[in-house]
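Just below is one structure, and these are the notes that go with it.
The values are calculated or read from the model by the stated rules, or taken from the named source; none is laboratory data. On a predicted model such as this, the values are computed, not experimentally measured, just so you know. Here the Cβ is made from the backbone with ideal geometry for all residues, glycine too, and neighbour counts use every protein chain on show. These area figures cover heavy atoms from the full protein model, side chains too; ligands, DNA and RNA do not enter into them. Shrake-Rupley method; radii C 1.70, N 1.55, O 1.52, S 1.80 Å.
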Amino acid sequence: MVLLGTLVNGLLIVIGTFIGKWLHRIPERMKATVMSAIGLAVVVLGLQMGFQSNNYLIVILSLVIGAVIGEWIGLDDMLNAMGRWIERQVGTNGDTSISQGFVTATLIFVIGAMSVIGSLDSGIRGDHQVLYTKSIIDGFTSIILASTLGIGVLFSAIPVILYQGSIALFATQIDRFVPAALMDSFIAEMTATGGLMIFAIGLNLVGITKIRVANFLPGILVVAAIVTMMYWSESLSIFN
């Protein structure tokens, strides 16, 4: 089943959220300290991913162009509006933590190499091991996030399933028209670009900054466009 890994990922996020809500009586000071610990860990993870680039100019251009596009269409505002809509639907009396929990968890769970690589493995080879590993990590992370940011973390399972599921379904046909070298280059640059976004999320969680990270998300599409243009440009120059 192509979508098995993705569905397991979404399920563990939901289970982790409920466990986290059950542990909501954790003292506020402890929650703040734990959130800082998660933030620091996310910062380090983002830095590690950021160093995966083979051409950092691609990363810079992707982030800058992606930020312009994101600010222009108001992507961060859209996600927060979706979070507020969820608040109204579940009747939380204006609990703003739902919006924060939804946006923060979505960015953490969706951005990253494991989402893409795992979904590609599921679609191309029917191997779900990477997504199973990601599911365990996301499950534990959702416990902590839910204990501090609330039930909004649960709803992040929806974009996770849609995003990873779409890639897995697309991957069943991807090897027919996307060269392996092009895919490898995209994954490397996407990992680095996504890593800097995750780094920014970590800074937000620690409370150092309030960067609108969601507005950087179009940068992933920009990475794909730039890497594709460079690949075919190099290929044509070889033949000429």
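The accessible surface of segment 149-219, taken with every protein chain in place and a 1.4 Å probe, is 69 percent carbon and sulfur. Within the shell of other residues whose beta carbon sits under 12 angstrom from the beta carbon of VAL110, the net charge comes to 0, with Lys and Arg scored +1 and Asp and Glu -1. Once you order the gyration tensor axes a ≥ b ≥ c over the Cα atoms, which shape class does segment 1-70 get: rounded for a/c under 1.5, otherwise prolate or oblate by comparing a/b with b/c? Note, shape of segment 1-70 comes out oblate.
If you add up the charges near LEU12, with Lys and Arg at +1 and Asp and Glu at -1, over every other residue whose beta carbon is less than 13 angstrom from its beta carbon, what do you get?
It works out to a net charge of 0.
Extension gain for THR228-LEU4 works out to 77.7 nm (0.36 nm per residue, less the C-alpha to C-alpha distance). Label sites at LEU11 and GLN173, each approximated as a point 7 angstrom past Cα along Cα to Cβ, lie 2.8 nm apart. Length available on full extension from ASP184 to ILE60: 0.36 nm per residue minus the Cα-Cα distance, which gives 42.8 nm.
Each residue was assigned an accessible area with a 1.4 Å probe, and for SER156 the value is about 0 Å².
Let me know the charge dipole size of the chain about its Cα centre in debye, to the nearest 20, where only the beta-carbon of Lys, Arg (+1) and Asp, Glu (-1) is charged.
Here the chain has a charge dipole of around 620 debye.
Summing Lys and Arg as +1 and Asp and Glu as -1 over all other residues whose Cβ lies under 10 Å from the Cβ of SER147 gives a net charge of +3. Based on DSSP H segments of at least four residues, each scored -39500 (n - 2.57), the chain has a per-residue ellipticity at 222 nm of -27000 deg cm²/dmol. Given their separation in residues at 0.36 nm each and the Cα-Cα distance between them, GLU71 and LEU23 gain 13.6 nm when the chain is fully extended.
When the Karplus curve 6.51 cos²θ - 1.76 cosθ + 1.60 is applied with θ = phi - 60°, which whole-Hz ³J(HN,Hα) does each residue of segment 147-156 get, with x for Gly and Pro? Whole-Hz 3J(HN,Hα) from phi for segment 147-156: 5, 10, 9, x, 5, x, 4, 4, 6, 5. When both segment 190-240 and segment 106-133 are represented by their alpha-carbon centers, they are found 18 Å apart.
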